[in-house]
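Just below is one structure, and these are the notes that go with it.
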Amino acid sequence: MASMAHLQEEKLRLQEELLGLQEKLAARENNELSRSLQLQGQVETLKAKLLEQAQEISRLRSELQGGTDVEKHRDLLAAENERLRQEMKACEGELRELRQQQQAPCRDCVHLQENAGLQERLSQLQREAEETRAKLAELDLEVQQKTNRLAEVELRLKDSLAERAEEEERLSRRLRDSQETIASLKSQPQQIKYIIKTVEVESAKAKQALCESQSRNQYLQEQVGMQRQVLKEMEQQLQSSQKTAAQLRAQIMMYEAELERAHGQMLEEMQAMEEEKNHAIEEAFSRAQVEMKAVHENLAGVRTNLLTLQPALRTLTHDYNSLKRQVRDFPLLLQETLQSARAEIGQAIEEVHNTNRELLRKYRRELQLRKKCHNELVRLKGNIRVFGRVRPITKEDGEGPEATNAVTFDADDDAVLHLLHKGKQVSFELDKVFPPQASQEEVFQEVQALVTSCIDGYNVCIFAYGQTGAGKTYTMEGTAANPGINQRALQLLFSEVRSKAADWDYAISVSAAEIYNEALRDLLGKEPQEKLEIKLCPDGSGQLYVPGLTEFRVQSVEDINKVFEFGYVNRATECTNLNEHSSRSHALLIVTVRGLDRSTGLRTTGKLNLVDLAGSERVGRSGAEGSRLREAQHINKSLSALGDVIYALRSRQGHVPFRNSKLTYLLQDSLSGDSKTLMMVQVSPAEKNTSETLCSLKFAERVRSVELGPVSRKAELVSWPSQEHLEGESLGTAASPGRGHTSSSPGQLSGRSASIRRKLQTSGKLRPVPV
Ligand code: ADP
Ligand code: MG
């Protein structure tokens, strides 16, 4: 019982103990609960911290993102640096250019301006570099701040980790205590076991909670590890960005060094330029000094000159003053001089006047004398002129030695020509000689005085004499482009008549005739083949006339051209070969000028006979027969007769054999008296024609060389040699009058001829051939 009671007591104690334990347990549970709550709170705070850290991490990440911004900024800086480098290069290029320019001497202000610009640019660059440096410093500061913040975060993390470690330590300690308590409780009776069990059960729950908290702790540790990882990465990033920043800093340093160098170079170049400038200034200065020296020397020279000039100036001033005085006195002096000069001039004029009067008187006397002399000369020369004209070598002369020129001229004497014949040179003197180059105009100039004299009532004959092809027709007729004497003579007559129209009435008429085989034909008539006769005027005046000879009144050059054309056509229709025919006949153009002086009623008649003679070549000797021989004989006869007549006229023979040919008979009144005759002897210069040229020139010279005087007058019975005789003469000798001349037949001096001659000589002014 006692034991029972004891047991009961025990039981009660135990119950009490159990109650106490239960209380303790409850308290512990409460403790546990509060602790778990506390732990939960701690977990909550840790969570919050974690969240905070996550936020911090995200912030840091964003900051790290900002690190990419830093990178961007770095890139920008790199680009800026690149640009700066480019600019540096450009600067270097410019500097190089500047250096090159400086090598060539240049002191232009343009370069100085460029230099200033470059300096400005350099300072700008420096400014920019300064700004970049400031930006870099800012960035450094930022990085520093971020590093500090990171260190703080790390510190905080470390603190929280330490805290947590402590907490864990504490928790594990408490767990160990609890486990020990549970183990001690387990060693108690069944109830306790039960309690223990419950406690175990409860502690299992606590364990589970512990486990959970451990797992959570694990998770948190992982998180912290991750955070550490992130932190490490960030640290790495920070390191790399620091490295980049360092690199950038190094680059900047480099650029700065380059800039420094460029600046140094520029300074050097500027220095060099400065030196050059100074050198140039020095040079210029020395040059200027030299020049100045020269100028000084000049000045000294000028000074000495001035010193020497001063006396000269004094003398000049003196001269000037005297001149001034003279000028002042000049009008007076001039007046005096003028008066005396006037008196002298008056006297001189008077003297000159007297002398002039005397001279005039003498001149008039001289004129009279001259006129007398001229008249005498004309009388002596018989009014006959002989000209020679040499045609040029033409294509017709062919080529080779036969066509060579055999005629030469005297440069000093236009009346002389030389002919080379059979190796000998023969010289001839005529009144005038026209060389081949003489123009139609030049020839006409020599002839025109003769032409105009027919207006004054003189009779004129112009003959063209020479072998066929020597230029007779060319001289008389000419060509359309270059007319000859015929046309020019008529034109001149027209213009002369026109100029005298105020006082005179003139009528010009023309006839054209041809003498072929001693037959006279009218070239302007209706029947050209009809032979005309030359008759003596029945009025007993001794004048000759040609009945039926057509005479055309012409008033203009056109009229003449028509007449010429008409005559030409008539002549051409009458023969088969005009060229040949014309060379075998004499062609005559007879121009009659009749004038009436309206105031005095005086009448004049002049006749101009223009004769293109037949060829003078000696056909008869080359064995020609029949009609050809007859032609030749007629030509020979008429040309000889012409020579005879001219000779007789010029030698003033008593008898002139006009009637020996139709030609001379027809021209009788134009050859005799005070009429004028021109013989134009045409010759060819060709070697092959020298023989004929010689004959023609001999004929010319003979006509001309007739000497007048008592012997000539006596020689009135001496006749002109025939054409045949001409060639027999010795070469180059001028025939003396009468030498070699055959005597004319006594029959020529018949009573009839003598009477005609007498009549002609007494007729005075000739009358026109009545038509
Ligand atoms: P002729 O009448 O004496 O037989 P031409 O007058 O018919 O001779 O002349 C013969 C050639 O010579 C012609 O072709 C002519 O044009 C030419 N002739 C003659 N004389 C000259 C001259 N002075 N200048 C130029 N050509 C001339
Ligand atoms: Mg002719």
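The single condition from (1) buried (at least 24 other Cβ atoms within 10 Å of the Cβ); (2) within 16 Å of ligand 2 (Cβ to nearest atom); (3) closer than 19 Å to Leu697 by Cβ; (4) of a type outside the set (Phe, Trp, Tyr) that Asp644 fails is (2). Scanning the range 501-523 for residues that are more than 15 Å from His586 (Cα to Cα) and outside any strand (DSSP E or B) yields Ala501, Ala502, Asp503. Could you pull out the residue among Thr604, Thr600 that is away from ligand 1 (no atom under 15 Å from the Cβ), surrounded by fewer than 22 Cβ atoms within 10 Å (Cβ to Cβ) and touching a residue at least 12 places away in the same chain (Cβ under 8 Å)? Among Thr604, Thr600, only Thr604 is away from ligand 1 (no atom under 15 Å from the Cβ), surrounded by fewer than 22 Cβ atoms within 10 Å (Cβ to Cβ) and touching a residue at least 12 places away in the same chain (Cβ under 8 Å). Contact map, the range 463-488: first residue under 13 Å from Val443 (Cα atoms), second residue polar (S, T, N, Q) and more than 9 Å from ligand 1 (Cβ to nearest atom), Cβ cut-off under 7 Å, separation 6 or more or different chains; pairs are Met476/Asn486; Glu477/Asn486; Gly478/Gln487. Within the range 429-452, the set of residues being more than 16 Å from ligand 1 (Cβ to nearest atom) and either farther than 25 Å from Ala614 by Cβ or at pLDDT 95 or above (or both) comprises Glu429, Gln448, Ala449, Thr452.
A quick yes/no check of all residues on (1) touching a Lys or Arg at 6+ places or on another chain (Cβ under 8 Å); (2) within 26 Å of Gly466 (Cα to Cα):
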| residue | (1), (2) |
| --- | --- |
| Ser541 | yes, no |
| Arg553 | no, no |
| Val563 | no, yes |
| Val591 | yes, yes |
| Gly595 | yes, no |
| Thr604 | yes, no |
| Arg618 | no, yes |
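Quick grid of which residues meet (1) in contact (Cβ under 8 Å) with a residue 24 or more places away in the chain; (2) over 22 Å from Val569 (Cα atoms):
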site: Glu514; (1), (2): yes, no
site: Glu527; (1), (2): no, no
site: Gln543; (1), (2): yes, yes
site: Gly548; (1), (2): yes, no
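Taken over the range 139-154, the criterion of being of a type in the set (A, V, I, L, M), over 12 Å from Leu231 (Cα atoms) and loosely packed, with under 11 Cβ neighbours inside 10 Å is satisfied by Leu141 alone.
Say whether the condition of being more than 16 Å from ligand 1 (Cβ to nearest atom), farther than 30 Å from Glu692 by Cα and not aromatic (Phe, Trp, Tyr) is met by at least one residue in the range 474-489. Checking the range 474-489: not a single residue is more than 16 Å from ligand 1 (Cβ to nearest atom), farther than 30 Å from Glu692 by Cα and not aromatic (Phe, Trp, Tyr). Could you tell me whether any residue of the range 554-575 is within 29 Å of Gly595 (Cβ to Cβ), in contact with a Gly (Cβ under 8 Å, 6 or more places away or on another chain) and either at pLDDT 90 or above or assigned to a strand (DSSP E or B) (or both)? Within the range 554-575, not a single residue is within 29 Å of Gly595 (Cβ to Cβ), in contact with a Gly (Cβ under 8 Å, 6 or more places away or on another chain) and either at pLDDT 90 or above or assigned to a strand (DSSP E or B) (or both). With respect to (1) among the hydroxyl-bearing types (Ser, Thr, Tyr); (2) within 22 Å of Thr475 (Cβ to Cβ); (3) at pLDDT below 90, the lone exception for Ser684 is condition (3). Highlighted here are the helices (runs of 4 or more DSSP H) found entirely within the range 613-680 that include at least 3 residues which are without any contact (Cβ under 8 Å) to a residue 40 or more places away in the chain: 626-650. Condition test on Ile455, is it touching a strand residue (DSSP E or B) at 6+ places or on another chain (Cβ under 7 Å) and either within 16 Å of ligand 1 (Cβ to nearest atom) or modelled with pLDDT of 95 or more (or both)? No, not satisfied.
The condition of being in a helix (DSSP H, G or I) and exposed (fewer than 10 other Cβ atoms within 10 Å of the Cβ) holds for only one of Leu267, Leu323, Leu332, Leu306, that being Leu332.
Being surrounded by 13 or more Cβ atoms within 10 Å (Cβ to Cβ) and at pLDDT 75 or above is the requirement here; does Leu136 meet it? Spelling it out, Leu136 is indeed surrounded by 13 or more Cβ atoms within 10 Å (Cβ to Cβ) and at pLDDT 75 or above. Screening the range 576-597 for residues that are part of a helix (DSSP H, G or I) and in contact (Cβ under 8 Å) with a residue 12 or more places away in the chain and picking the one that is surrounded by the fewest Cβ atoms within 10 Å (Cβ to Cβ) gives His581.
Look at the range 392-404: where a residue is closer than 23 Å to Lys472 by Cβ and touching a residue at least 24 places away in the same chain (Cβ under 8 Å) and a partner is among the β-branched types (Val, Ile, Thr) and assigned to a loop (DSSP other than H, G, I, E, B), sitting 6+ places away or on another chain with Cβ atoms under 7 Å, you get Ala403/Ile393.
The values are calculated or read from the model by the stated rules, or taken from the named source; none is laboratory data. On a predicted model such as this, the values are computed, not experimentally measured, just so you know. Note: ideal-geometry Cβ built from the backbone for every residue, glycine included; neighbour counts use all protein chains shown.
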